[in-house]
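Trainee: Quick one: structure below, then a few questions.
The values are calculated or read from the model by the stated rules, or taken from the named source; none is laboratory data. The model shown is predicted, which means the values in this text are computed figures rather than measured ones. As a convention, Cβ positions derive from the backbone with ideal geometry for all residues, glycine included, and neighbour counts pool all protein chains shown. For the accessible areas, the whole protein counts, side chains as well, though only heavy atoms, and no ligand, DNA or RNA atoms are used. Shrake-Rupley method; radii C 1.70, N 1.55, O 1.52, S 1.80 Å.
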Amino acid sequence: MPLDLLDTPIRATWTLSSDASPPADEVVSTITQQLIAAGVFYLLLQPPSLKHPACRAVLHDLAAGGCQTEIICCGNEDELLVLEERPLQHVGLWLDVTRFLADEIDIDPLKCVVQRLRQSGLNPGLLCPPVRQHLLKIPQLINLCEMLEIARFKLPNIGIDVTYQSSDRVQLPRSEDLAALKKMLKNTWQAPPQLRLEIHDLFLWELLVPDAAQGREEYGGCQAANSLVHITSQGDVYPCISWPEKLGSLLTEDLGDIWESEQRLRIRREIAHVPSGCNGCLIVDDCHGGCRGLSRIFNKELRQRDLLCSGKR
Amino acid sequence: MDYFTQRPLRNSDIVWRREQRKEERVLRALEEGEAVDEQGTVLLVVSGTMHQLNLVGGMIWCLCDGTRTVDEITAQLADEFSVSRDELESDVREFFDELQQRGWLSYV
């Protein structure tokens, strides 16, 4: 049965805190209760969530409410001190490797942070936002996971700041970047079997998990504003971390009501409509146009084809 | 053991929830004589993949907590949908067989 409109999302990303203006504890508490009441199954807390004083209480409440939570740590000293002060419970941890990716990967500092996290009782997975400048480092990062005995590697959706500027598009990967990665991987590529890969982009998934075609029939297309939602530190609700269109606020509205709003339904209708850039493509019934949040903003010239799609097949 | 006295139990690794607003809409549509077989009212996540069960499948799923026998579940459904048990038995059995085959439930 194809996945139809859900009452509320089941996967959320939440930027619990903000360096510029950390939310009051009441705001954090309201958002937490809303997510629990909505029956969200999985939550990924975005940086700098760890720094918020209410973070531990939030993790406790979410676990009690049946929500499986993971948190992203950037490996900054102040985050590490928070984690070393008292072990973190009820949560999976991802280490965002961005700050370790200069021209080359800073392996020794990365190893040091992984070791400190392990000493704090945590078993981090590595997370790498698949922006353009990171793409060719992915194979090396996967090898690094093997070397450091890290069991999980994640390529999340690329988050767009809600105040996004046109310059942001420089960071976004394009089909030529994917082609370069493909060339680098060659045909013999195989991810280490013991490594759990979480790849949110369909085209990257197809490339990095060569037997992916078997699982493709399960892919129902972009889940923005359906099973997915993004929440900002001030409680604003977005269809997905890659879709900067505000749907409402959890401080004033019920998430279930926002999910019944005309604006949310319009987004789902837009997603159900195949992008004109995909007309006539043989695989559009498989990919459903890929990442629609990014393509609707940044790929207007290619009539909203996925940014990583090289063209009609 | 007699099949009808077995107690189906959902696989506890499966995360699931009832879509209550959707269920209300589906029940209204059913009352108005619309086809609702393809409308999901229970959502499951199995090994990271989402699945939906329709109204009847969802009701059966909700009852599979290991305390009710197949016989009791069939009787409850017959009562709920005002149909005879005979009409339901083979469909219910087929549904249980499929769930068991997928590893989504076992019998206790």
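Trainee: Give me the accessible area buried between chains B and A, both sides summed, with a 1.4 Å probe, in Å² rounded to the nearest 100.
Mentor: Chains B and A together bury roughly 1700 Å² of accessible area.
Trainee: Per-residue HN-Hα couplings for the range A:16-26, Karplus 6.51 cos²θ - 1.76 cosθ + 1.60 at θ = phi - 60°, whole Hz, x for Gly and Pro?
Mentor: The phi angles translate into 4, 10, 8, 5, 6, 8, x, x, 5, 4, 5 Hz.
Trainee: Starting from the Cα gyration tensor of chain A, take the square roots of the eigenvalues, sort them a ≥ b ≥ c, and report rounded, prolate or oblate (rounded when a/c is under 1.5, otherwise prolate if a/b is larger than b/c, else oblate).
Mentor: Oblate, because a/c is 1.5 or more while a/b does not exceed b/c.
Trainee: Just the accessible area for A:K246, please: 1.4 Å probe, Å², rounded to the nearest 10?
Mentor: Only protein atoms counted, so the area is about 100 Å².
Trainee: Give a residue-ordered list of calculated ³J(HN,Hα) values for the range A:107-118 (Karplus: 6.51 cos²θ - 1.76 cosθ + 1.60, θ = phi - 60°; whole Hz; x for Gly, Pro).
Mentor: 5, 5, x, 5, 4, 4, 5, 4, 5, 5, 5, 5
Trainee: Then there's this: Students sometimes get this wrong: rank A:S261, A:S29 by accessible area, probe 1.4 Å, all chains present, largest first.
Mentor: Output order, biggest surface exposure first: A:S29, A:S261.
Trainee: Output the antiparallel fraction of DSSP beta bridges having both residues in chain A, as a percent to the nearest 5.
Mentor: 20
Trainee: Given the protein chains as shown and a 1.4 Å probe, how many square angstrom of B:E80 are accessible, to the nearest 10?
Mentor: Accessible area of B:E80: about 110 Å².
Trainee: If you project the alpha carbons of the range B:3-107 onto their three principal axes, what span does each projection cover, largest first, in Å?
Mentor: Principal-axis extents of the range B:3-107 (Cα, largest first): 36, 35, 19 Å.
Trainee: How would A:H52, B:H51, A:H273, A:H90 rank on accessible area, largest to smallest, probe 1.4 Å?
Mentor: Solvent-accessible surface, decreasing: A:H273, A:H90, B:H51, A:H52.
Trainee: Still on this structure, please answer the following. Return the long-range amide H neighbours of A:G221 (sequence gap of 5 or more, or a different chain), with a cut-off of under 5 Å between placed amide H atoms.
Mentor: Placed amide hydrogens put nothing under 5 Å from A:G221.
Trainee: Karplus couplings for the range B:21-32 from phi (6.51 cos²θ - 1.76 cosθ + 1.60, θ = phi - 60°), rounded to Hz, Gly and Pro as x?
Mentor: 5, 5, 4, 4, 5, 5, 5, 5, 5, 4, 4, 8
Trainee: Amide H neighbours of A:K154 under 5 Å, at least 5 residues apart or on other chains, H built in the peptide plane: list them.
Mentor: The answer is A:L126, A:L127, A:C128, A:E198.
Trainee: Let me confirm one metric for peptide B:52-58, namely the mean number of other chain beta-carbon atoms within 10 Å of its residues' beta-carbons.
Mentor: Average neighbour count from other chains, rounded to a whole number: 1.
Trainee: Tell me the accessible surface of B:L30 in square angstrom (1.4 angstrom probe, heavy atoms of protein chains only), to the nearest ten.
Mentor: Approximately 70 Å² for this residue.
Trainee: Compute a Gaussian network model of chain A, connecting alpha carbons closer than 10 Å, and tell me which residue from A:A225, A:A54, A:A12 fluctuates the most.
Mentor: Of the options given, A:A54 has the highest mean-square fluctuation.
Trainee: Going by Cα centres, the range A:58-92 and the range A:219-268 are how many Å apart?
Mentor: Result: 24 Å between the Cα centres.
Trainee: Give me the distance between the Cα centres of the range A:273-313 and the range B:26-69, rounded to whole Å.
Mentor: Here the answer is 33 Å between Cα centres.
Trainee: Here is a further query. In terms of modelled amide H atoms, which long-range or inter-chain residues lie less than 5 Å from the amide H of A:W243?
Mentor: Placed amide hydrogens put A:I160 under 5 Å from A:W243.
Trainee: Moving to a separate point now. Where is the GNM fluctuation largest for chain A (alpha-carbon springs, 10 angstrom cutoff): A:N76, A:N123, A:N226?
Mentor: Most flexible of the set in this elastic network: A:N76.
Trainee: Protein chains only, probe 1.4 Å: how do A:Y42, B:Y3 rank by accessible area, largest first?
Mentor: A:Y42, B:Y3
Trainee: Leaving out ligands, DNA and RNA, and with a 1.4 Å probe, what % of the accessible surface on chain B is carbon or sulfur?
Mentor: Roughly 43 percent, rounded to a whole number.
Trainee: Moving to a separate point now. Over chain A, with a Gaussian network built from C-alpha contacts below 10 Å, which listed residue (A:I138, A:I297, A:I283) shows the highest mean-square fluctuation?
Mentor: In this elastic network of chain A, the residue with the biggest mean-square fluctuation among A:I138, A:I297, A:I283 is A:I283.
Trainee: Past the 18 Å Cα-Cα mark, which pairs from A:K111/A:K186; A:K137/A:K183; A:K137/A:K182?
Mentor: A:K111/A:K186
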